[in-house]
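The values are calculated or read from the model by the stated rules, or taken from the named source; none is laboratory data. Predicted, not measured: the structure shown is a model, and the values here were computed from it. Neighbour counts are summed over all protein chains in view; Cβ atoms, including those assigned to glycine, are modelled from backbone coordinates with ideal geometry. When the accessible area is computed, the model is the full protein with side chains, heavy atoms only, and any ligands, DNA or RNA have been set aside. Shrake-Rupley method; radii C 1.70, N 1.55, O 1.52, S 1.80 Å.
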Amino acid sequence: MRFKFPLVAIGLEVAMIVLFHLYVQYEKDQNIPLHLNNTRPTKMDSFLLLYPLFQDVHVMIFVGFGFLMTFLKKYGFSSVSINLLIAALGLQWGTIAQGLIQSHGQKFHIGIKEMIKADFSTATVLISFGAVLGKTSPIQMLIMTILEIAVFAGNEFLVDEIFKASDIGASMTIHAFGAYFGLAVAGVLYRSGLREGHKNEESVYYSDLFAMIGTLFLWIFWPSFNSAVAEPGDRQYRAIINTYFSLAACVLTAYAVSSLVMHRGKLEMVHIQNATLAGGVAVGTCADMNIQPYIAMLIGSIAGLISVLGYKFLTPFFASTLRIHDTCGVHNLHGLPGVIGGLASIAAIALGVAHVSTVTRQAKALGSSIGTAIVGGLVTGLILKIPCWEQPPDEYCYDDSVYWEVLYSVLKENINDKSTSGNLLTLRLHACNAYV
Amino acid sequence: MRFKFPLVAIGLEVAMIVLFHLYVQYEKDQNIPLHLNNTRPTKMDSFLLLYPLFQDVHVMIFVGFGFLMTFLKKYGFSSVSINLLIAALGLQWGTIAQGLIQSHGQKFHIGIKEMIKADFSTATVLISFGAVLGKTSPIQMLIMTILEIAVFAGNEFLVDEIFKASDIGASMTIHAFGAYFGLAVAGVLYRSGLREGHKNEESVYYSDLFAMIGTLFLWIFWPSFNSAVAEPGDRQYRAIINTYFSLAACVLTAYAVSSLVMHRGKLEMVHIQNATLAGGVAVGTCADMNIQPYIAMLIGSIAGLISVLGYKFLTPFFASTLRIHDTCGVHNLHGLPGVIGGLASIAAIALGVAHVSTVTRQAKALGSSIGTAIVGGLVTGLILKIPCWEQPPDEYCYDDSVYWEVLYSVLKENINDKSTSGNLLTLRLHACNAYV
Amino acid sequence: MRFKFPLVAIGLEVAMIVLFHLYVQYEKDQNIPLHLNNTRPTKMDSFLLLYPLFQDVHVMIFVGFGFLMTFLKKYGFSSVSINLLIAALGLQWGTIAQGLIQSHGQKFHIGIKEMIKADFSTATVLISFGAVLGKTSPIQMLIMTILEIAVFAGNEFLVDEIFKASDIGASMTIHAFGAYFGLAVAGVLYRSGLREGHKNEESVYYSDLFAMIGTLFLWIFWPSFNSAVAEPGDRQYRAIINTYFSLAACVLTAYAVSSLVMHRGKLEMVHIQNATLAGGVAVGTCADMNIQPYIAMLIGSIAGLISVLGYKFLTPFFASTLRIHDTCGVHNLHGLPGVIGGLASIAAIALGVAHVSTVTRQAKALGSSIGTAIVGGLVTGLILKIPCWEQPPDEYCYDDSVYWEVLYSVLKENINDKSTSGNLLTLRLHACNAYV
């Protein structure tokens, strides 16, 4: 990491500053005083009304995704810090990429919606990050951020402006897209040497508790995610209500199925941490539609069920047979539930429940999201495979000590350097003390 | 847990979906565009204005209560996860129970107030959960959720609609009710075998730090809890201000008294984690009244003092003499301060400070909340005592390994199964590594 | 701590209640119903619109600052709990101090702005707390809270009302002030005995992860901090946008420079935890000015760079040469970036970008903030040095066991008391188990 990482990071930041200088401007008509004798809504009104929803999404991106990925026993520093790095770059680049496409290359203004959408664009990369967690370097993640958000913005434009499909909670354009993009990258970067697993690829007691911080903040604020850019009034209201109840229903089936499929009927933290969120993903596309709360709960229930089954059966199958190793199981939390979300919207429209879009448009949006994700992910994977991005060797996967001075890495070096023959027990005790 | 828990959980979720299908409808008149030339407030206006307060309460329920209970050294997974399970079921069932009582069995609409009140109803169960933490199974908690919320909704109807009492922050109807309900259940489920304590019923360094996450989010957002359903304008404003200053005052007396009663004048984390919140509970009933901030601070100060004394002297007395073992000390955080809240409102009305209710109404509300809680709790306790709900044996109380595959449970099984005579020190070291 | 701490804490709380009784009143005109046919904005409108921003700041104060300081391996309890104690006292005293100065000693009303400003005043003390963390007693911190907020309120009055300078995000009046006040106190309380460092003054794996909770919540909500008391409309909007992008830019340079200056190009958690926030501090004074987003990003980038360099080179220099030991490195997170913020505002005004103030006014504000901080800090330090405030001896610095019954302190006493010659390894293992 001596010079390459700093140079790439600073280079990208300079590029962002230049691009902002060229294209980004403040909103113009904020100057009407708040509520003062006004008969039309001002932009600033909606700014402050939407700002709390933006902050909820912001917490999801940085605390939610960040801590959700700290479940690995020796990769907490990297999970939460690379998450922050990706998101900080991503929200700048997402502002530019989405703004330029929308404005056809002209200067554009940024308001609260643009801030929310910038955060959304980073979510896509963070989902993909989950698939390659522990097996890639920070530089690779910076590059993936740039490439993935470019493809994401393109697909979003297709879905919204060309196909005119409806995807308010972004089940397809963020969740399915992010998952399949990440799986494609993970497939290209597959490591045969880790076919039998890796000693660091497991959680310990406290790492699982830290991950629950992420889970809970994602769970709590998901109604804001699905409603933040919805049309004010009925539709925004429904997006909140439907997501709230879908998530609640999802929890019960996720727990039930976890207990059903695990040894002796016990529960599994991976399922609790992830599958309880699948209801938020799956109800996303339909969230603002007039589907009634009980249908939202049905969608959530199914998502919880499918997600746990995915963790139990599909993830091992992907790793062994398809040679796609998905560290966080993003396919089960974002991929499958995202597809369920798209299919649910098709069903809702086919059954005449919702009229905001057509079956064809929704099918195109689902196909486009998965298609561009896989193609974009494969190309990105090939670029990331170029052996100059400091990808960690198999031995150092899932290990903070590659990027951080952690005490146990100092100890490890001592052991190796001094070829100490000392008491192994004492050394392991030191390692233990280094953690606590 | 093989089949019973999954069946109960799925059965309850199916019941919820059916009930929502039968009774729950979207709000109707959200369709007036936001602020557009309107001369009357629309429901949607207040929806988005109250939504941040709802989200604050939501954080309290899932992160606040969830992490507050992670203080036990080997029960963090269960605390935070069963908390999520209870709350997810409770908010669905609370919506139904409160809605049906309010609508006299007709279909009803759900808006932001119903979402807030659904979250409130789960708080009651989570308080009771604190009293039986570590000694009950997930199935028992699902059953308690159903029974307690039914009784809660009944008492709330009594207090609000029949007695017409005032209890904006729910000191009586949630806090005192939840605490005495939980104590009654704990009394019925008393385990003589644990009279001398249990080796797992203690905290360790990091479990206490995790608990502080819960404490702080509860503390921060308590003004939202006490004001979320208050009448807009003066009263909502006062509910926020009074709670804010009551909590601040409570911190100082809680710390002072903790130091006074502890060995060598040290502080005690249990007091910091819990008694600092008593000011939020105790000011609840009076929160929207015109009591002046300094009276709110006085109420908070007294609550902090009483709460610490409760932890120091009353909890051991309850456990040894009354045979009621209260794991989290909910009597000191919710029970006593809830009663103080009710009494404070009586005093405020008697002294002519507030005119929103009468002394008689408030006294009825306090009596009804404690009475229905104790009766409801005793009946619930008897139902939970039926030996088919997989209640853990004494030996496995306060132990995640009953419900989760944790590494130390694997180790324990290895020791037992292989009757290893190996170095005990090595095994304990392994156990230590399993945590970190 | 036997009686002194409880007496001081209770005495201060009684004083606060008396002062509130004498001076604090509710806002008056909240009684116009919300939005009802009104043609002018009511105070209550802005109350609920600003309340979410207040809650964001509230989270920063209690969770943000509180957990940020838990990075020390044996000082987590004290960090998060003394933080709560300081803030709880500070927000009461800050309300009084700021209110009395504003009202020239008359009774005054409190609304949402006063609540936000009360929280702000505590931030100043919490910053200074970072400089003396682990080396002072709770009583000393109570005294510092009273003294520092008095000086802070005086300087704020000077800057706002006399100099009429502009400092919306309080880069100068809170961040630079808090840092230099703390450094002055730390200088007076310098301990020659700890010149070579202290065995407890280091982080371990989980303490660093807990600190990241603080970092992330500070980072996320900083736009609210910089905009909460801004003029509604354009300026509040710009304060949010500028802070959002400044922070994002800051992350990239902080990571880059951290990797540049560290051993083998690794990253350093201290930098990630702190320097990523410097962009929020540095853009503060200019946040509501019309500087354009790319300039905000430039300010953030520079702040990230300077902050990391400060941690690497300046903190050791301060400790060794200037005999000022700054535990959390507040000079690098708040001091230097605060000064950058003031200078950036001077540049913006000199270049004609912003017209809200003049170069002279801003220079006076910067000078006054640093000057009063240093003088106030020196006097406070001298008062705290009086040997009756139970300052911990060198040996017990950075050690929770002075104030808390932690398991490892029990173990330590056992070792000392029983002069056990037993296996040291076993004892250390016990100590390890006490943590987990």
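Coupling constants for region A:245-256 follow from the phi torsions by the Karplus curve (6.51 cos²θ - 1.76 cosθ + 1.60, θ = phi - 60°), and in residue order they are 7, 4, 5, 4, 5, 4, 4, 5, 6, 4, 4, 4 Hz; glycine and proline get x. Taking every residue in C:292-305 and counting other chain Cβ atoms within 10 Å of its Cβ, the average works out to 4. Computed over the alpha-carbon atoms, chain C gives an Rg to Rh ratio of 0.99, Rh here being the Kirkwood radius from the mean inverse distance.
Taking the Cα centre of chain B as origin and assigning +1 to Lys and Arg Cβ atoms and -1 to Asp and Glu Cβ atoms, the resulting dipole is close to 460 debye. Rounded to the nearest 20, the size of the Cβ-charge dipole of the protein assembly as shown about its Cα centre is 680 debye, with Lys and Arg at +1 and Asp and Glu at -1. Each copy carries a label point for C:Tyr190 at 7 Å from Cα toward Cβ; from one copy, the others' points are 6.3, 6.3 nm away, ordered from shortest. By how many degrees, between 0 and 90 and to the nearest 10, does the Cα long axis of helix B:4-23 differ from the longest principal axis of chain B? For B:4-23 against chain B, the angle is about 10 degrees. Calculate the dipole size of region A:160-224 relative to its Cα centre from +1 charges on Lys and Arg beta carbons and -1 charges on Asp and Glu beta carbons; express the result in debye to the nearest 20. I would put it at about 160 debye. Look at the dipole of chain C built from charges on Cβ: of C:Ala165, C:Thr253, C:Pro6, the Cα furthest out on the positive end belongs to C:Thr253. Here's how it looks for B:Ser166: its modeled amide H is under 5 Å from none belonging to a residue 5 or more places away or on a different chain.
For helix A:76-103, what angle does its Cα long axis make with the longest principal axis of chain A, in degrees from 0 to 90 and rounded to 10? Helix A:76-103 sits at roughly 30 degrees to that axis. Count Lys and Arg as plus one, Asp and Glu as minus one, and take only other residues whose Cβ is under 9 Å from that of B:Tyr398; the net charge is then 0. Let me check against my output: what whole-number percent is the relative contact order of region C:162-320, with C-alpha pairs under 8 Å and at least 6 apart? So the answer I get is 30 percent. Note on C:78-85: average number of Cβ atoms from other chains within 10 Å of each residue's Cβ is 5.
In plain terms, if you count all Cα to Cα distances in region B:80-166 and split them into 5 Å steps from zero, the share in each step is 3, 15, 26, 23, 17, 10, 6, 2 percent.
In chain C, helices alone account for a calculated mean residue ellipticity at 222 nm of -21000 deg cm²/dmol, with every DSSP H run of four or more residues adding -39,500 (n - 2.57). Farthest toward the dipole's positive end in region C:49-202, which of C:Pro52, C:Ser81, C:Asn200, given Cβ charges of +1 (Lys, Arg) and -1 (Asp, Glu) about the Cα centre? Most positive-ward Cα: C:Asn200.
Using a 1.4 Å probe over protein heavy atoms, the accessible area lost on pairing A with C, summed over both chains, comes to approximately 7000 Å². Subtracting the Cα-Cα distance of C:Lys113 and C:Asn290 from their residue separation scaled by 0.36 nm leaves 61.4 nm.
Sequence-ordered 3J(HN,Hα) estimates for region B:374-390 from the Karplus curve with 6.51, -1.76 and 1.60 and θ = phi - 60° stand at 5, 4, x, x, 5, 4, 4, x, 5, 5, 5, 7, 3, x, 10, 9, 6 Hz, glycine and proline given as x.
Put simply, when B:239-247, C:236-244, C:316-324 are sorted by average Cβ atoms within 10 angstrom per residue, most first, you get B:239-247, C:236-244, C:316-324. Look at the alpha carbon pairs under 8 Å that are at least 6 residues apart: their mean separation over the length of chain C gives a relative contact order of 22 percent.
Proximity of backbone amide H atoms, modeled 1.01 Å from N, is registered between B:Val356 and no other residue at under 5 Å, excluding neighbours fewer than 5 places apart on the same chain. Ordering A:329-341, B:213-225 by mean Cβ neighbour count within 10 Å, with the highest value first, yields A:329-341, B:213-225.
Taken along the Cα-to-beta-carbon direction at a fixed 7 Å, the label points for C:His21 and A:Ile162 span 7.4 nm. Taken over region C:119-248, the percentage of Cα pairs per 10 Å bin, counting from 0 up to the bin with the maximum distance, is 11, 32, 34, 18, 5, 0. Backbone phi angles across region B:304-321, fed through the Karplus curve with coefficients 6.51, -1.76 and 1.60 (θ = phi - 60°), yield HN-Hα couplings of x, 5, 4, 5, 5, 4, x, 4, 6, 10, 7, 4, x, 5, 4, 5, 7, 8 Hz in residue order; Gly and Pro are listed as x. Inter-copy label distances at A:Cys388, shortest first and taken from points set 7 Å along Cα to Cβ: 7.1, 7.1 nm.
Net length available on complete extension from C:Ile146 to C:Glu196 is 14.8 nm, with 0.36 nm assigned per residue and the Cα-Cα distance removed. Calculate how steeply helix A:424-435 sits against the longest principal axis of the alpha-carbon atoms of chain A, using the helix alpha-carbon long axis, and give the answer as 0 to 90 degrees to the nearest 10. Value to nearest ten degrees: 20. For the cross-link pairs A:Lys113/B:Lys117; C:Lys74/C:Lys117; A:Lys117/C:Lys113; B:Lys164/C:Lys117; A:Lys117/A:Lys164, the ones whose C-alpha atoms lie over 27 Å apart are A:Lys113/B:Lys117; C:Lys74/C:Lys117; A:Lys117/C:Lys113; B:Lys164/C:Lys117. What sits nearest the axis between copies A and B, counting only chain A Cβ atoms, is the residue and whole-Å distance A:Pro52, 2.
Take every Cα pair under 8 Å whose residues are at least 6 apart in sequence, average their separation, divide by the length of region C:119-173, and the relative contact order is 34 percent.
Sorting the segments B:119-128, C:368-377 by their mean number of nearby beta carbons within 10 angstrom, highest to lowest, gives B:119-128, C:368-377.
Averaged across the residues of C:14-20, what count of C-beta atoms belonging to other chains lies within 10 Å of each residue's C-beta? That works out to 5 on average. For A:Leu267, the amide hydrogen comes within under 5 Å of the amide hydrogens of B:Trp404, B:Glu405, counting only partners 5 or more places away or on other chains and with H modelled in the peptide plane.
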